[in-house]
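Down below is the structure, laid out as structure tokens.
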Amino acid sequence: MAFLETRGVTKIYGHGEQATVALADFSYAIDENAAAIVAVAGESGSGKSTLARLLLGFTNPTRGEVLYRGKDLRLVSGQERKDFRREVQAVFQDPFGVYNPFYRVDHLLTMPIKNFGLATSRSDTRNQIETALATVGLNPGEILGRYPHQLSGGQRQRITIARALLLRPRLIIADEPVSMVDASLRATILESLLKLRQEFGIAFLYITHDLTTAYQISEQLIILYQGAVAEAGPARDVIRGPRHPYTQLLVGSIPSPDPDQRWGNEVAGAAVEGAEATVRQGCRFAPRCPHVMPICRETAPPLFQVGETAVACYLMRDAPEVPGGDLTAVLRGTIQGAGHAPRVIAEPPATLPLSAPAPAATSSGARRRR
Ligand SMILES: Nc1ncnc2c1ncn2[C@@H]1O[C@H](COP(=O)(O)OP(=O)(O)OP(=O)(O)O)[C@@H](O)[C@H]1O
Ligand code: SF4
Ligand SMILES: [Mg+2]
């Protein structure tokens, strides 16, 4: 039984002409034992945070279901709910938002231990906190006793990760965890995530705008475009040999030497005419696609399985369809194939900027209405 699973999950915000399909028919099961890092990438408005919120139970699907240990998350209550809240942790983009300015950091770290009854004594609590801080590369002596405004953005972000770690989660859903910190700290924080996965077997869903960091730390990569999966598979293969025209546009439009460029913005800038067009039928990418065919405008392409990747494009229509559009089998094969080999911060391919791109500054909000 899968640990956390989405089955045909669709999330629509609004109604009628104003409706936005934030996520469409997304099926994927996260295996708690695989301890994989799966990256979800896409432009602003592609549905990444919606997926995170659905998996965390912060919002309910319009169609389909999110299952926690086989049970619809909407029906999970009591002790099971508490287990879910401990096992699935979230790390968000802006750690400052979760801090109460009137409490010292100690309070933020002590509360989860108390709430979940994870310590036997005050000294046990203290030990656990110190260990968690040290794991993410922070010196407890420097950090404890301080107020949030006395910490840097990178320190706050790492404290958020340490806080998640205290609960010994099975899965951490990290939504743009490094986009608010500068490039020098980004590598340190990403190294912390890798360490957690290696030492504690924690699985990660790493949500990002940034293909470079996705490439560096994840085994699998899911590319979303306007709420739908465009391509998914081994991160290396997707980035080095993209098959979907959208992924090709993303990878091809990354400026090589300029570390201040974000690929999300680059793509918006490089978009062909009609990029923001509303697609009510057929392939969402058709208005931007250089290979568009008549069939593309009629029915949305299913996912085709090409090697170890799934590609939602009619250019791949000679390949078999992914049964039920479920990414699980495609990505699980990848995980097993990888043999759980610990990744280190990998050398990015030549087409990617060598430094991580700058933080998100804008939200172009590519959205699909129907
Ligand atoms: N509460 C909401 N009400 C209405 N529309 C929403 C709501 N939340 C998200 N949306 C819309 O759903 C789409 C997907 O949004 P989402 O936040 O998931 O995108 P994202 O990929 O996380 O973008 P970003 O990279 O900017 O964070 C967008 O078009 C967004 O405007
Ligand atoms: S299905 Fe058609 S329009 Fe969509 S990406 Fe493929 S070729 Fe382009
Ligand atoms: Mg988001």
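Readers should treat all values here as calculations from the given coordinates under stated rules, not as data from a laboratory. Because the structure is a prediction, the values reported are computed rather than measured. Cβ placement follows ideal geometry from the backbone for every residue including glycine, while neighbour counts extend to all protein chains displayed.
Pairs LYS11/LYS71; LYS82/LYS114; LYS48/LYS114: which are spaced more than 21 Å apart, C-alpha to C-alpha? Table pairs above 21 Å Cα-Cα are LYS48/LYS114. The protection proxy used here, the mean number of other Cβ atoms lying within 10 Å of each residue, ranks peptides 318-328, 77-87 as follows, highest first: 318-328, 77-87.
Provide the net charge surrounding ALA52, with neighbours chosen by a C-beta distance below 12 Å and charges set as Lys +1, Arg +1, Asp -1, Glu -1. Walk me through the intermediate numbers first.
On the way: positive: LYS11, LYS48, ARG53; negative: ASP175, GLU176.
With Lys, Arg at +1 and Asp, Glu at -1, the net is +1.
Per-residue packing, averaged as other Cβ atoms within 10 Å, sorts the ranges 65-74, 151-160 into the order 151-160, 65-74, beginning with the highest. When you restrict to C-alpha pairs under 8 Å that are six or more residues apart and normalise by the size of the stretch 4-336, the relative contact order lands at 20 percent.
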